[in-house]
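Some notes on the structure that comes next.
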Amino acid sequence: MKVSIFGGASPRPGEPAYEEARQLGFLLGKAGHVILTGGYIGTMEAASRGACEAGAHVIGATCDDIEAWRGTKANQWVREEWHFATLRERLYALVDGCDAAIALPGGVGTLTEICALWNQMIINLSPVRKPLILVGEGWQKVITDLFTEQGSYIRESDRSHVRFVAKITDAANLINGNLK
C-alpha cells in the first residue's frame, strides 16, 4: 500500500516527535509499504528517513508554493518526487495518492490533510474506504471536541471514518493488519 504520513514540520532530529515519525516510517517500510509524505522537513523528513532506512520506496509531494515560502527543497530521503505548482495540488496528491493515511501531531497543514481526506470519504469520492488513523491524545481531543461542539452536524457514520490510536506502533499494526 501507499501510506501517506501527515505531520508537522517542526520536529528536528533527536527530538521525540522526529524519532517517532522515523520509527513509523521504518515499521511501515519494513512491512513493504510505499511511504508518501509532504517531502520536506520535520515529520515528513523523519518518516521518509525511517522508510528509506528500511529499504522502502519514498515519495515526496512537493510544490512551488512551499518552496517559495520556506526556501527549501525535498529532503534527501525522497526517492521519487511528485512536484506541483500549488499547495492545493500537493494536498490532493497526498490525499488521492494514498491507500491509507496516518496523522502524527501537527498544525493547520496537518489538520487540512486530515479534513480533506475525511471529507472525501464522507461523500464517497473514493471507491474504497481508506484507513485514516490519528495518533496521540492531541488529535483525539481536537476531534472529540469537534464532535461535542458541533454535535448534530457530524453524523455517527461520518465519525466512523476516523480511528484514534495512542502510539505509532498501534498505527503501524493497524496498517499491517495486525490490529483490528
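Residues that are hydroxyl-bearing (Ser, Thr, Tyr) and in contact with a strand residue (DSSP E or B) (Cβ under 9 Å, 6 or more places away or on another chain) do not occur anywhere in the stretch 165-175.
Could you please let me know if ARG49 is among the charged types (D, E, K, R) and without any contact (Cβ under 8 Å) to a residue 12 or more places away in the chain? No; evaluated as a whole, the condition is false for this residue.
Looking across the stretch 21-42, just one residue is of a type in the set (Gly, Ala, Ser), over 19 Å from ALA74 (Cα atoms) and touching a residue at least 60 places away in the same chain (Cβ under 8 Å), and that is ALA31. Only one entry of THR144, THR86 meets the criterion of being out of contact with any helix residue (DSSP H, G or I) (no Cβ under 7 Å at 6 or more places or on another chain) and of a type in the set (Ser, Thr, Tyr), and that entry is THR144.
In the stretch 168-178, the qualifying residues are those that are without any contact (Cβ under 8 Å) to a residue 12 or more places away in the chain and over 17 Å from VAL128 (Cβ atoms), and the one that is surrounded by the most Cβ atoms within 10 Å (Cβ to Cβ) is ASN173. Does ILE66 qualify as being aliphatic (A, V, I, L, M), touching a residue at least 40 places away in the same chain (Cβ under 8 Å) and surrounded by 15 or more Cβ atoms within 10 Å (Cβ to Cβ)? So ILE66 does not fit the description; no.
What about ALA51, is it surrounded by 15 or more Cβ atoms within 10 Å (Cβ to Cβ), in contact with a Leu (Cβ under 8 Å, 6 or more places away or on another chain) and either over 20 Å from ILE168 (Cβ atoms) or of a type in the set (A, V, I, L, M) (or both)? So ALA51 fits the description; yes.
Applying the set (1) touching a residue at least 40 places away in the same chain (Cβ under 8 Å); (2) in a loop (DSSP other than H, G, I, E, B); (3) of a type in the set (Ser, Thr, Tyr) to SER126 leaves exactly one unmet item: (1). Scanning the stretch 154-167 turns up one or more residues that are touching a residue at least 24 places away in the same chain (Cβ under 8 Å), closer than 28 Å to LEU27 by Cα and buried (at least 19 other Cβ atoms within 10 Å of the Cβ).
Within the stretch 100-148, restricting attention to residues that are surrounded by fewer than 15 Cβ atoms within 10 Å (Cβ to Cβ) and of a type in the set (S, T, N, Q), the residue that is nearest to THR169 (Cα to Cα) is THR144.
No value in this document is a laboratory result; all are computed from the given coordinates. A quick note: this is a predicted structure, and the numbers were derived from the prediction, not measured. Neighbour counts run over all protein chains shown; Cβ positions are idealised from the backbone, glycine included.
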